1. Could you check which residue among LEU86, LEU44, LEU74 shows the biggest mean-square fluctuation in a GNM of the chain with a 10 Å Cα cutoff?
2. To the nearest 10 degrees, how steep is helix 77-94 against the longest Cα principal axis of the chain, on a 0 to 90 scale?
3. Which value, in debye to the nearest 20, gives the size of the charge dipole of the chain about its Cα centre, when Lys and Arg are +1 and Asp and Glu are -1 at the Cβ?
4. Taking the stretch 1-101, which trypsin sites (Lys or Arg not before Pro) meet the DSSP loop condition and have no more than 16 other C-beta atoms within 10 Å?
5. Among ASN40, ASN49, ASN65, which one shows the biggest mean-square fluctuation in a GNM of the chain, springs joining Cα atoms closer than 10 Å?
6. Counting pairs of alpha carbon atoms under 8 Å apart in space and at least six apart in sequence, what relative contact order in percent does the chain give?
7. Under 17 Å between alpha carbons, and skipping anything fewer than 8 positions from LYS91 in its own chain: which aspartates and glutamates qualify?
8. Heavy atoms only, probe 1.4 Å: what % of the accessible area of the chain goes to carbon and sulfur, would you let me know?
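The values are calculated or read from the model by the stated rules, or taken from the named source; none is laboratory data. Given the structure is predicted, the values throughout are model-derived calculations rather than measurements. As a convention, Cβ positions derive from the backbone with ideal geometry for all residues, glycine included, and neighbour counts pool all protein chains shown. We work out accessible area using only protein heavy atoms, side chains counted, and drop any ligands, DNA or RNA first. Shrake-Rupley method; radii C 1.70, N 1.55, O 1.52, S 1.80 Å.
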Amino acid sequence: LGRFWTAAAVGIHIRWQVFCVVVVSSLTSGLEAFALSEGNVKALETVQNKMMRFLLRGEAAGYTNASLRRRLHLPTIASLLRKRRLRYLQKWMRTPDWHTGVLAALAGRGLHGPP
């Protein structure tokens with residue numbers, strides 16, 4: 001993707017779409033299940049911020065990371081993971097028969113009722 005980001009013919013909208021699909025998805029893939037430390041989340045945010053600035057090709061000079069995220073309509077990594085975890089749990093709660101064993105373990109009960 002190196003030449004893609006710097007190609008003059010590729011507009012900001014296409015670069016933004018590829019950024020969301022490739023970069024953000026790669027940064028957060030599978031992290032819903034992990035309890036990340038603040039340091040881990042900060043490291044992911046740093047990578048996202050650097051890539052966000054690279055995406056804008058110098059148009060980001062003088063802007064804060066928060067203002068760039070607002071401009072690109074991107075959430076922070078922490079808020080994105082919170083949203084994905086909530087959706088994940090909501091899906092589990094909508095289909096309890098598929099996850100009976102796990103839900104029982106989370107609730108502190110065995111498969112055959114309370115201990």
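1. Ranking LEU86, LEU44, LEU74 by mean-square fluctuation puts LEU86 first.
2. 30
3. For this selection, approximately 280 debye.
4. In loop regions of the stretch 1-101 (DSSP not H, G, I, E or B), the sparsely surrounded trypsin sites (Lys or Arg not before Pro) are ARG57.
5. Its mean-square fluctuation being the largest, the pick is ASN40.
6. Once divided by the residue count of the chain, the mean separation gives 24 percent.
7. Of all the aspartates and glutamates, those that pass the test against LYS91 - Cα under 17 Å, at least 8 places apart if same chain - are GLU32.
8. With neighbouring chains kept in place, the figure for the chain is 62 percent.
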